[in-house]
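The values are calculated or read from the model by the stated rules, or taken from the named source; none is laboratory data. A quick note: this is a predicted structure, and the numbers were derived from the prediction, not measured. Positions of Cβ are generated from backbone atoms using ideal geometry, with glycine treated the same way; all protein chains shown enter the neighbour counts. We work out accessible area using only protein heavy atoms, side chains counted, and drop any ligands, DNA or RNA first. Shrake-Rupley method; radii C 1.70, N 1.55, O 1.52, S 1.80 Å.
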Amino acid sequence: KQEVTQIPAALSVPEGENLVLNCSFTDSAIYNLQWFRQDPGKGLTSLLLIQSSQREQTSGRLNASLDKSSGRSTLYIAASQPGDSATYLCAVLGSGNTPLVFGKGTRLSVIA
Amino acid sequence: DGGITQSPKYLFRKEGQNVTLSCEQNLNHDAMYWYRQDPGQGLRLIYYSQIVNDFQKGDIAEGYSVSREKKESFPLTVTSAQKNPTAFYLCASSILGGDQPQHFGDGTRLSIL
């Protein structure tokens, strides 16, 4: 059974710092990996989707990488801002239209 | 704009009562999902449906029921058999095939009176 782990569970950084969030998964037979952001009391917002054949995806200050063979993904946030404070979740999609499997998330606080 | 609408935003349940959470999407997505989120935990899948009139149990289906009579709608009933229903419930939808990200509603927070 696929398991997704996110480390660290919480992270606090000063404004302007570059940071990396980590995601690992146990079964490398994935279709894609998705990164989401969740603000308190809200639903999830999609940030980036990486197909299994891709190595990375970029959107603005965000860059997500995927190493399927080692079962790892990273989300790089450049020049962090207080508005980036949220919980970041990664999820993997297996083959055969199986549902997404989520990690427990990393709660990020960017201090002004 | 297309999206997912969950209602109500807050819901209170009395002992022995069934309550129904609404989820409607206008994205023309085939698949819909219900998740439960507890503090400090990730999302746990309750039920999902990939086609009208069909649905599958997720990891924590006991005490819950769903229906999928229309493509746009996937209501979740929290029955009196669910002994610890206090949680944040999220509905999501997606196309089949995995080429697009999953979309989420804004959630319903259920509490016990």
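If you find the alpha carbon centre of segment B:15-72 and of segment A:44-77, how far apart are they in angstrom?
After rounding, the separation between the Cα centres reads 27 Å.
Spin-label point model (7 Å from Cα, Cβ direction): what's the A:Glu3 to B:Lys71 distance in nm?
Calculated label separation equals 3.9 nm.
Under the classification rounded if a/c is under 1.5, otherwise prolate if a/b is larger than b/c and oblate if not, where does chain A fall, given a ≥ b ≥ c as square roots of the Cα gyration tensor eigenvalues?
Values: a/c = 1.99, a/b = 1.68, b/c = 1.19.
Taking the square roots of the gyration eigenvalues as a ≥ b ≥ c, chain A is prolate.
Per residue, how much accessible area does segment A:7-72 show when a 1.4 Å probe rolls over the protein heavy atoms, in square angstrom?
Heavy-atom accessible area per residue stands at 51 Å².
Of all the C-alpha pairs in segment B:1-64, what % are more than 15 Å from each other?
So the portion of pairs separated by more than 15 Å is 64 percent.
Mind giving me the nanometre distance, one decimal, between the label points for A:Glu56 and B:Lys14, set 7 Å out from Cα along Cα→Cβ?
According to this spin-label approximation, the distance is 5.9 nm.
Need one number: buried accessible surface between chains A and B, 1.4 Å probe, both sides summed, DNA, RNA and ligands left out, in Å² to 100.
Values: alone 6180 and 6360 Å², together 10850 Å².
For chain A against chain B, roughly 1700 Å² becomes buried.
For chain A, set up a GNM with springs between Cα atoms under 10 Å and report which of A:Ser85, A:Ser52, A:Ser12 has the largest fluctuation.
A:Ser12
Kindly count the pairs of lysines across chain B whose alpha carbons are less than 23 Å apart, treating pairs on different chains or eight or more residues apart as eligible. Walk me through the intermediate numbers first.
Details: B:Lys9/B:Lys70; B:Lys9/B:Lys71; B:Lys9/B:Lys83; B:Lys14/B:Lys83; B:Lys57/B:Lys70; B:Lys57/B:Lys71; B:Lys57/B:Lys83.
Taking the Cα cut-off of 23 Å, the pair count is 7.
Based on the mean of other beta carbon atoms within 10 Å per residue, what is the order of B:51-62, B:101-112, B:18-29, most packed first?
On the way: B:51-62: 13.2, B:101-112: 19.2, B:18-29: 17.0.
In descending order of packing, they fall as B:101-112, B:18-29, B:51-62.
What do you get for Rg/Rh over the protein assembly as shown if you use C-alpha atoms and the Kirkwood form of Rh? Walk me through the numbers before you get to the answer.
Working: Rg = 17.6 Å, Rh = 18.1 Å.
Checking Rg against Rh, the ratio lands at 0.97.
Stokes-Einstein D for chain B at 20 °C, 1.002 mPa s, Kirkwood Rh over Cα pairs, in µm²/s?
On the way: Rh = 14.0 Å.
Once the numbers are plugged in, D ends up at 153 µm²/s.
Over all directions, the average projected area of the alpha-carbon convex hull for segment A:48-112 comes to how many nm²? Walk me through the intermediate numbers first.
Values: hull surface 20.3 nm².
The directionally averaged projection comes out at 5.1 nm².
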